[in-house]
Structures are given as C-alpha cells and as structure tokens.
Amino acid sequence: MSRHVAVLMGGWSAEREVSLVSGAAVAAALAENGYRVTTIDLTRDLEALRRALTPRPDVVFNALHGRGGEDGCVQGVLEIMGIPYSHSGVLASAVAMDKDMTKRLVAAAGVRSPRGVVLERGAITGGHPLPPPYVVKPVDEGSTVGVTLVERDGAPVTEAVLEQIWAKGSRVLVEEFIPGRELTVGVMGDRPLAVTEIVFDGSIFDYVAKYTAGHAHHVVPAMLPPGIAEEAMRLALVVHRTLGCRGVSRSDFRFDPSRPGTEGLCFLEVNTQPGMTPLSLVPEQAAHLGISYHELVTWIVENAAWQG
Ligand SMILES: Nc1ncnc2c1ncn2[C@@H]1O[C@H](COP(=O)(O)OP(=O)(O)O)[C@@H](O)[C@H]1O
Ligand SMILES: [Mg+2]
C-alpha cells in the first residue's frame with residue numbers, strides 16, 4: 001500500500017501565503033510520485049489537527065514557515081503524537097527561529113555574523129544603539145517582516161517604526177549593516193547544494209523585493225571570487241550541523257567584496273523551513289545539481305524522523 005503523507009501548510013504566521021503555495025506544490029509532486037497525500041491547513045485548533053491526523057499518516061511533510069510551524073511548536077506536537085515529520089526537530093527549529101541565539105551558537109563554531117545588540121521594549125532611548133548604518137529586525141520573525149535600514153545619515157529608529165516590529169515579538173535585533181552582495185546556501189542532509197546570489201534593487205532584501213515579481217533575480221551558481229563559494233558552502237554546513245538541523249535548511253549570508261579573502265562573508269540567519277515552491281531557492285539549487293523537484297520532495301519525506 002502506498003505511504004500516506006500529510007502535508008502541513010498555511011498556519012498563522014506572516015508567511016502563511018507562501019506556505020500555502022509551497023504546500024500545494026509539494027502535495028502535487030508527492031501524489032505524482034505515488035504517495036497518498038492529504039493536506040492540512042494548520043490553525044491553533046489542536047482538536048482539528050488531531051482529527052486531520054486521524055487516521056495517522058505515515059509521515060508529516062512540514063511545509064509551514066515562520067511562527068508555529070518553523071519554531072519547534074508544531075514539531076513538539078508531532079513528537080508527542082509520535083508521527084515522523086520532515087525537516088528539523090524541536091531544538092534546532094526553536095534555536096534557528098531566534099537569530100540572536102543562532103548567532104551565539106554558530107560563533108562558537110567559528111561562523112562570523114554581524115555585530116549586534118538585542119533590545120527589549122523600553123530600552124530605546126532615542127539615540128543610535130549602534131553607529132549607523134545599521135539594520136533593525138525582529139529577533140524571531142521571518143521573511144523580512146519589519147526589517148528596517150538606518151542609513152549612515154539616518155535618524156535613530158523611532159518608537160513608531162519599532163511598534164511595527166514589536167507587534168510581532170518583544171525583542172529586536174540591531175545589527176551593523178553589512179554592505180555588499182546577498183548570498184544563500186541550501187543544505188540537503190550532509191551536502192551543501194550551491195550558492196545563489198540574489199540580485200535586487202535597494203540595500204536590503206525586504207518583503208517587497210522578496211515577494212514581488214520582477215524585483216529580484218537569482219544567479220545560481222553565484223559568480224564569486226575564488227574560494228568564496230566553497231567557504232559559503234562550508235559555513236552553511238557548519239551552521240546546519242551546529243544547530244542539529246535535519247533534512248534541508250538554507251543559510252543567508254552577506255558578502256562584502258571590499259574585505260580581503262573570505263573575511264567578507266557574514267552569516268545572517270538559517271531557515272529550517274526554506275521555501276518549497278518549485279521556484280524557491282533550495283529547489284532551484286537542487287535542480288542546478290540535477291536533482292528534480294520531485295526527487296527533492298521525495299528525499300525530504302524519506303528523511304523524516306522523530307525523536308521517538
Ligand atoms: N546586518 C545586515 N546587514 C545587511 N543587510 C541585512 C542585515 N540583516 C538583514 N539584512 C537584509 O535583510 C534581509 C532579511 O534579513 P534576514 O536576517 O535574512 O531575516 P529574514 O529573512 O528572516 O527576514 C537580508 O536578506 C538582508 O538583505
Ligand atoms: Mg533571510
């Protein structure tokens with residue numbers, strides 16, 4: 001009998017819509033590959049989730065992004081229910097959702113990231129927390145929600161700007177602005193896939209650039225000075241292993257070519273539930289290596305696990 005895969009998608013995070021697109025594409029590909037597939041739009045109604053997971057599927061494919069789906073919460077529910085699920089487990093998911101915690105952990109493994117400070121609400125004094133230019137972003141919400149750049153001659157972040165960020169969480173991360181290019185590296189198990197450069201208008205890859213057609217394009221493999229791609233791939237694997245990620249992950253970097261050698265590479269964050277639409281970065285890197293979308297989603301299902 002064919003294996004039953006339940007695809008978890010949607011959720012209530014800022015990335016709900018992207019997740020629905022990822023989930024639909026994953027479900028279609030798995031059905032074409034001969035799995036019996038059901039889809040579940042995750043809500044906060046646990047009783048509804050329990051019903052949707054009855055009878056129990058063989059595997060859950062987690063196609064969620066952001067809060068609830070990428071932060072260890074739904075992973076914990078699946079652990080309790082004893083259902084194997086794709087991607088990272090509770091701990092790696094929870095750590096990766098917190099950019100500050102991630103930076104501290106990977107620093108111990110020799111991975112450089114931007115200098116920064118975490119501010120609690122009320123700690124804003126009206127002055128610059130760092131010499132500008134710097135970036136202000138939520139510590140634990142993905143997809144560039146509220147990422148704000150304060151330019152060299154810019155005014156300090158205001159309460160009004162921070163309110164938009166604090167609506168999502170209680171703390172913000174203020175980081176030195178790393179000029180230069182935007183790189184991202186997918187990891188599939190123990191294999192870094194490739195380096196993609198994301199080319200876009202503007203200084204930071206914000207929500208508009210990310211999700212508006214025509215605002216950004218991908219170059220894979222990225223055209224980089226010798227040794228940079230290899231180092232970015234090495235670092236992405238170090239991050240994946242340091243956090244104990246499972247299945248696929250994707251690490252974002254900035255690369256400042258004005259700095260010597262690999263010193264210009266700066267790690268920003270790791271995504272434990274990277275986009276899975278056929279046009280997303282990880283599927284695109286896999287395709288570059290001759291791994292089709294169908295092969296990728298099948299590999300992810302077959303690598304699903306739980307702590308037991
Ligand atoms: N310290 C930084 N220096 C320069 N650009 C940054 C910095 N932090 C974030 N950015 C820009 O904002 C984008 C989103 O930040 P990131 O940390 O990847 O969070 P998320 O993707 O979860 O929103 C990055 O892709 C990058 O373009
Ligand atoms: Mg990012």
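Evaluate the stretch 259-271: report whether one residue or more is in a loop (DSSP other than H, G, I, E, B), touching a helix residue (DSSP H, G or I) at 6+ places or on another chain (Cβ under 8 Å) and at negative phi. Spell out how you get there, then give the answer.
Initial filter on the stretch 259-271 (in a loop (DSSP other than H, G, I, E, B)): 259-260.
If we keep only those that are touching a helix residue (DSSP H, G or I) at 6+ places or on another chain (Cβ under 8 Å) as well, we get none.
For the stretch 259-271, residues in a loop (DSSP other than H, G, I, E, B), touching a helix residue (DSSP H, G or I) at 6+ places or on another chain (Cβ under 8 Å) and at negative phi: absent.
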Give me the pairs, please: first residue somewhere in the stretch 282-305 and of a type in the set (Phe, Trp, Tyr), second residue anywhere and part of a helix (DSSP H, G or I), beta-carbon distance under 8 Å, and either six or more positions apart or on two chains.
Tyr293/Ala25; Tyr293/Ala29; Tyr293/Pro283; Tyr293/Ala286; Tyr293/Ala287
Counting only residues in the stretch 156-210 that are surrounded by 18 or more Cβ atoms within 10 Å (Cβ to Cβ), more than 16 Å from ligand 2 (Cβ to nearest atom) and at pLDDT 95 or above, the one farthest from His87 (Cα to Cα) is identified as Ala194
Exactly one condition in (1) modelled with pLDDT under 95; (2) of a type outside the set (Lys, Arg); (3) outside any helix (DSSP H, G or I); (4) crowded, with 16+ Cβ neighbours inside 10 Å is false for Asp153; which is it?
(4)
Tell me which strands (runs of 3 or more DSSP E) are completely within the stretch 65-150 and hold 1 or more residues being away from ligand 2 (no atom under 16 Å from the Cβ) and among the aromatic types (Phe, Trp, Tyr), or say none if there are none.
134-138
Which members of the stretch 191-224 meet the condition of being more than 12 Å from ligand 1 (Cβ to nearest atom), assigned to a loop (DSSP other than H, G, I, E, B) and under 14 Å from Asp252 (Cβ atoms)?
Ala222
Take the conditions under 27 Å from Gly68 (Cα atoms) and part of a helix (DSSP H, G or I) and apply them to Glu284. Does it pass?
yes
Please go through the stretch 240-270 and pick out each residue that is out of contact with any His (no Cβ under 8 Å at 6 or more places or on another chain) and within 13 Å of ligand 1 (Cβ to nearest atom).
Arg250, Asp252, Phe253, Arg254, Phe255, Asp256, Gly264, Leu265, Cys266, Phe267, Leu268, Glu269
Candidate set from the stretch 73-89 (those that are more than 21 Å from Thr298 (Cβ to Cβ) and touching a residue at least 24 places away in the same chain (Cβ under 8 Å)); member that is surrounded by the fewest Cβ atoms within 10 Å (Cβ to Cβ)
Gly82
Does any residue in the stretch 141-152 that is farther than 15 Å from Pro179 by Cα come within less than 9 Å, Cβ to Cβ, of a residue that is more than 11 Å from ligand 2 (Cβ to nearest atom) and at pLDDT below 70 six or more places away or on a different chain, and which pairs are these?
Glu141/Lys168; Glu141/Gly169; Val145/Lys168; Gly146/Trp166; Gly146/Ala167; Gly146/Lys168
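The values are calculated or read from the model by the stated rules, or taken from the named source; none is laboratory data. Just so you know, these numbers come straight off a predicted model, no measurement behind them. Cβ sites come from the backbone with ideal geometry, for glycine too, and all protein chains shown count toward neighbours.
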